[in-house]
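Written below as structure tokens is the structure these notes are about.
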Amino acid sequence: MSLLLDSNVLLWWLVADPRLDDAVLTEIAAATPLAVSLVTPWELWIKTAGGKLRLPADFEQRLRDEAFTILAPTLADARLAANLPPIHRDPFDRLIIAQALNHQATVITGDRHFAAYGVEVILV
């Protein structure tokens, strides 16, 4: 199964947060590929720069070490994100949703709004 981690789940995975139960951890460990949108680290770095979040000091290195597939947004992803119904207003999440739809990936997220777009989700 192709999995795409939402921003909160990526962070929880990297810091071994207990919000990710054993079933979710097993799904993530078995995923091929295990993907992260390029907008995810961007969003997390913006939140860190604004003082809203602290990332692990080795965040960027961990992204490389975990061998995530990094999905760069395409024009098709951007077009789809722009044309999604206004259920969710966060542009980062809308792009993640569009990428999941275009790549037939399941998103692991804590955000209940994702499923309203018809994207497959594992809700944590």
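A few points about this structure:
- Any hit, region 19-32, residues being polar (S, T, N, Q) and touching a strand residue (DSSP E or B) at 6+ places or on another chain (Cβ under 6 Å): no
- Pairs, first under 11 Å from residue 107 (Cα atoms) in region 19-35, second among the aromatic types (Phe, Trp, Tyr) and in a helix (DSSP H, G or I), C-beta under 8 Å, six or more apart: 28/13
- Strands (runs of 3 or more DSSP E) wholly inside region 17-124 containing at least 1 residues that are small (Gly, Ala, Ser), surrounded by 13 or more Cβ atoms within 10 Å (Cβ to Cβ) and under 14 Å from the mean Cα position of the chain (by Cα): 34-37
- Residue check, residue 101 at pLDDT 90 or above and touching a Gly at 6+ places or on another chain (Cβ under 9 Å): yes
- Extreme residue, farthest from residue 48 (Cα to Cα), among residues of region 60-115 that are among the hydroxyl-bearing types (Ser, Thr, Tyr) and touching an Asp or Glu at 6+ places or on another chain (Cβ under 8 Å): 106
- Considering residues of region 61-93 that are in contact with a strand residue (DSSP E or B) (Cβ under 9 Å, 6 or more places away or on another chain) and among the small types (Gly, Ala, Ser) only, the residue farthest from residue 43 (Cα to Cα): 67
The values are calculated or read from the model by the stated rules, or taken from the named source; none is laboratory data. As the structure is a computational prediction, the values presented were derived from the model and not from experiment. Using ideal geometry, Cβ is built from the backbone for each residue, glycine included, and neighbour counts are taken over all protein chains shown.
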